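Q: Input: one structure, supplied below.
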4 protein chains.
Amino acid sequence: MTSELKSIDSIDQLRARVNQFVEARDWAQFHSPKNLAMAMIVEAGEVVEHFQWMTEDESRQLDDAQKEQVGHELSDTFVYLLRIAEVCGIDLIEAANKKIDLNAKKYPVEKAKGSNAKYTEYE
Amino acid sequence: MTSELKSIDSIDQLRARVNQFVEARDWAQFHSPKNLAMAMIVEAGEVVEHFQWMTEDESRQLDDAQKEQVGHELSDTFVYLLRIAEVCGIDLIEAANKKIDLNAKKYPVEKAKGSNAKYTEYE
Amino acid sequence: MTSELKSIDSIDQLRARVNQFVEARDWAQFHSPKNLAMAMIVEAGEVVEHFQWMTEDESRQLDDAQKEQVGHELSDTFVYLLRIAEVCGIDLIEAANKKIDLNAKKYPVEKAKGSNAKYTEYE
Amino acid sequence: MTSELKSIDSIDQLRARVNQFVEARDWAQFHSPKNLAMAMIVEAGEVVEHFQWMTEDESRQLDDAQKEQVGHELSDTFVYLLRIAEVCGIDLIEAANKKIDLNAKKYPVEKAKGSNAKYTEYE
């Protein structure tokens with residue numbers, strides 16, 4: 001019985017779906033890491049575009065239509081991020097956890113608390 | 001017994017870890033969607049930097065040191081992407097799946113197969 | 001006498017200097033428009049990095065050290081922008097003037113005055 | 001006589017034209033350096049978008065329609081670059097020349113010739 005219990009991990013499912021999408025369209029030929037990095041930053045730019053003329057307060061109070069639009073652009077950014085990880089053979093969850101370990105050392109709580117300074121600026 | 005069986009979803013775990021990291025440092029005050037969108041594109045730029053002078057072929061053949069570096073920059077991009085979703089109240093997995101549904105309509109297999117044209121360029 | 005009076009146009013001088021810099025290092029081989037567009041956005045990301053955690057007010061009140069840093073990153077962005085124009089055979093000043101003509105039509109004073117709406121949002 | 005001889009510098013003219021455009025629309029209120037840096041990278045992203053799926057060779061052989069499109073996006077990037085310099089009080093031509101002086105030291109011809117390595121990678 002327990003052998004049938006499988007963790008259905010949402011990011012694994014999404015990655016598999018994206019890969020199928022790409023294969024069905026024979027797009028892997030265009031998906032060099034170089035090209036995908038360009039595509040990802042283009043989508044990140046579309047996220048930035050939503051916020052460029054807003055105040056910070058306005059950006060904290062999106063209405064439903066704005067939330068949907070931002071969700072679309074975030075999603076496109078995420079899909080290309082997943083694809084870069086895929087074609088480079090990087091486990092994104094593992095890499096992110098390792099990077100947070102590093103960031104925790106660069107930004108120890110006692111120095112970082114309440115400060116927006118870069119770690120290179122710490123005394 | 002079964003009540004103890006919980007799906008431990010890796011992206012949920014990561015998001016929770018990132019949120020704790022931010023709270024411990026009292027950084028939520030700086031994390032307006034506007035600021036986070038800026039931070040995300042800065043990190044996306046660091047991904048692009050790795051590939052800017054490589055040929056496409058070179059970008060497909062990263063050595064281990066390069067893979068680690070790219071993994072770091074992808075991770076930073078991912079963390080900010082998770083934070084934007086968090087502070088905007090967007091379910092990233094759900095949003096991504098909806099966006100792929102839309103993309104599947106914009107890029108039907110019969111038109112998109114083997115083509116790098118934008119959907120606006122289809123006849 | 002007057003034949004010796006030549007307009008010494010500052011952007012033409014800068015472009016010539018940049019071209020010499022590139023030629024002396026035999027870098028034209030790397031300067032495809034694709035690669036230069038990547039390099040330009042990487043530098044634009046470094047401009048954004050300076051401002052990501054600042055409030056708008058803080059960004060309006062840079063001290064001399066910050067101004068120098070922003071000047072460095074703006075300059076790198078500008079140099080790559082000049083290079084893209086150069087290798088694509090685009091006259092940047094002429095192109096910019098034409099684009100401003102177009103923008104003036106998209107954003108007529110009577111509709112645009114005091115509004116940060118995108119032209120696609122005008123009624 | 002000589003007092004009438006004025007250098008008509010193309011970038012000064014363009015900057016003046018852009019400033020008038022902004023003033024006529026009462027847009028200076030939105031033009032904090034923070035917001036302008038966001039707007040500039042959004043436009044840089046639109047430059048990147050033109051090239052993301054092209055090979056390097058294709059990017060070197062734009063047809064007239066593509067050149068016009070790239071010219072539009074470069075122009076928008078340039079206009080925001082000029083605005084950032086303007087509102088920060090930075091002389092862009094002077095800053096660019098100083099930065100090239102610095103770059104010449106970081107990338108001496110004998111080390112940089114024919115190499116796409118970053119200066120931090122020099123032995």
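Q: Scan the stretch C:17-36 and tell me whether some residue there is closer than 29 Å to A:L36 by Cβ, more than 7 Å from every other protein chain (Cβ to nearest Cβ), free of Cβ contacts under 8 Å to residues at least 40 places away in the same chain and crowded, with 21+ Cβ neighbours inside 10 Å.
A: The answer is no; no qualifying residue exists.
Q: Which of the residues belonging to the stretch D:71-114 are of a type in the set (D, E, K, R), at the interface with chain C (Cβ under 8 Å from one of its Cβ atoms) and in contact with a Lys or Arg (Cβ under 7 Å, 6 or more places away or on another chain)?
A: Across the stretch D:71-114, the qualifying residues are D:D76, D:K113.
Q: Here's something else I'd like to know. List the number of the failed condition for D:A117; all other conditions in (1) at the interface with another protein chain (Cβ under 7 Å from one of its Cβ atoms); (2) outside any helix (DSSP H, G or I); (3) of a type outside the set (D, E, K, R); (4) closer than 30 Å to B:D57 by Cβ hold.
A: Going through the list (1) at the interface with another protein chain (Cβ under 7 Å from one of its Cβ atoms); (2) outside any helix (DSSP H, G or I); (3) of a type outside the set (D, E, K, R); (4) closer than 30 Å to B:D57 by Cβ, D:A117 breaks only (1).
Q: Same structure again: Quick one: in the stretch C:79-104, of everything that is touching a residue at least 40 places away in the same chain (Cβ under 8 Å) and not aliphatic (A, V, I, L, M), which residue is nearest to B:V42 (Cα to Cα)?
A: Taking the candidates together, the pick is C:Y80.
Q: So which pairs qualify, if the first residue must be in the stretch A:61-78 and over 18 Å from B:D101 (Cα atoms), the second must be in a helix (DSSP H, G or I), the Cβ gap must be under 8 Å, and the two must be at least 6 apart or on different chains?
A: Once the first residue is over 18 Å from B:D101 (Cα atoms) and sits in the stretch A:61-78, its partners that are in a helix (DSSP H, G or I) give A:L62/A:V70; A:L62/B:P33; A:L62/B:C88; A:Q66/A:H50.
Q: Right, here's the next one. State which residue is nearest to the chain's Cα centre (by Cα) when the search covers only the stretch B:66-84 and only residues that are acidic (D, E) and surrounded by 20 or more Cβ atoms within 10 Å (Cβ to Cβ).
A: Taking the stretch B:66-84 first, the residues acidic (D, E) are B:68, B:73, B:76.
If we keep only those that are surrounded by 20 or more Cβ atoms within 10 Å (Cβ to Cβ) too, we end up with B:73, B:76.
Numbers: B:E73: 11, B:D76: 9 Å.
In this case the residue turns out to be B:D76.
Q: Still on this structure, I have one more. Mind checking whether some residue in the stretch B:97-113 is out of contact with any Asp or Glu (no Cβ under 7 Å at 6 or more places or on another chain), surrounded by 22 or more Cβ atoms within 10 Å (Cβ to Cβ) and outside any loop (DSSP other than H, G, I, E, B)? Show your work before the answer.
A: Taking the stretch B:97-113 as the starting set, the residues that turn out to be out of contact with any Asp or Glu (no Cβ under 7 Å at 6 or more places or on another chain) are B:97-98, B:100-112.
Those still in the list that are surrounded by 22 or more Cβ atoms within 10 Å (Cβ to Cβ) too: none.
So far as the stretch B:97-113 goes, no, none of its residues is out of contact with any Asp or Glu (no Cβ under 7 Å at 6 or more places or on another chain), surrounded by 22 or more Cβ atoms within 10 Å (Cβ to Cβ) and outside any loop (DSSP other than H, G, I, E, B).
Q: Now for a separate question. Could you please give the count of residues in the stretch B:101-123 that are in contact with a helix residue (DSSP H, G or I) (Cβ under 6 Å, 6 or more places away or on another chain) and of a type in the set (V, I, T)?
A: Qualifying residue count, the stretch B:101-123: 1.
Q: All but one of (1) surrounded by fewer than 24 Cβ atoms within 10 Å (Cβ to Cβ); (2) of a type outside the set (A, V, I, L, M, F, W, C); (3) within 22 Å of C:E49 (Cα to Cα) hold for B:D63; state the number of the condition that does not hold.
A: Here B:D63 meets the rest and fails (3).
Q: Of everything in the stretch B:38-57, what is out of contact with any Ser or Thr (no Cβ under 7 Å at 6 or more places or on another chain), under 24 Å from A:A104 (Cα atoms) and more than 9 Å from chain C (Cβ to nearest Cβ)? Give them in sequence order.
A: Selection gives B:H50 alone.
Q: In addition: Those residues that are of a type in the set (A, V, I, L, M), free of Cβ contacts under 8 Å to residues at least 12 places away in the same chain and farther than 16 Å from C:I84 by Cβ, I need them from the stretch C:37-55; list them, please.
A: Taking the stretch C:37-55 first, the residues of a type in the set (A, V, I, L, M) are C:37-42, C:44, C:47-48, C:54.
Okay, now just the ones that are also free of Cβ contacts under 8 Å to residues at least 12 places away in the same chain, so C:38, C:41-42, C:48, C:54.
Across the stretch C:37-55, the qualifying residues are C:V48, C:M54.
Q: Let me ask something else about it. Can you tell me how many residues within the stretch B:58-67 are more than 7 Å from every other protein chain (Cβ to nearest Cβ) and touching a helix residue (DSSP H, G or I) at 6+ places or on another chain (Cβ under 9 Å)? Explain how you work it out, then say what you get.
A: So in the stretch B:58-67, the residues more than 7 Å from every other protein chain (Cβ to nearest Cβ) come out as B:58, B:61, B:63-66.
Keeping just the survivors that are touching a helix residue (DSSP H, G or I) at 6+ places or on another chain (Cβ under 9 Å) gives B:58, B:66.
Residues in the stretch B:58-67 being more than 7 Å from every other protein chain (Cβ to nearest Cβ) and touching a helix residue (DSSP H, G or I) at 6+ places or on another chain (Cβ under 9 Å): 2 in total.
Here, each number is a calculation from the coordinates, and none is a lab measurement. The model shown is predicted, which means the values in this text are computed figures rather than measured ones. Heads up, the Cβs are rebuilt from the backbone with ideal geometry, glycines too, and the neighbour counts pull from every protein chain shown.
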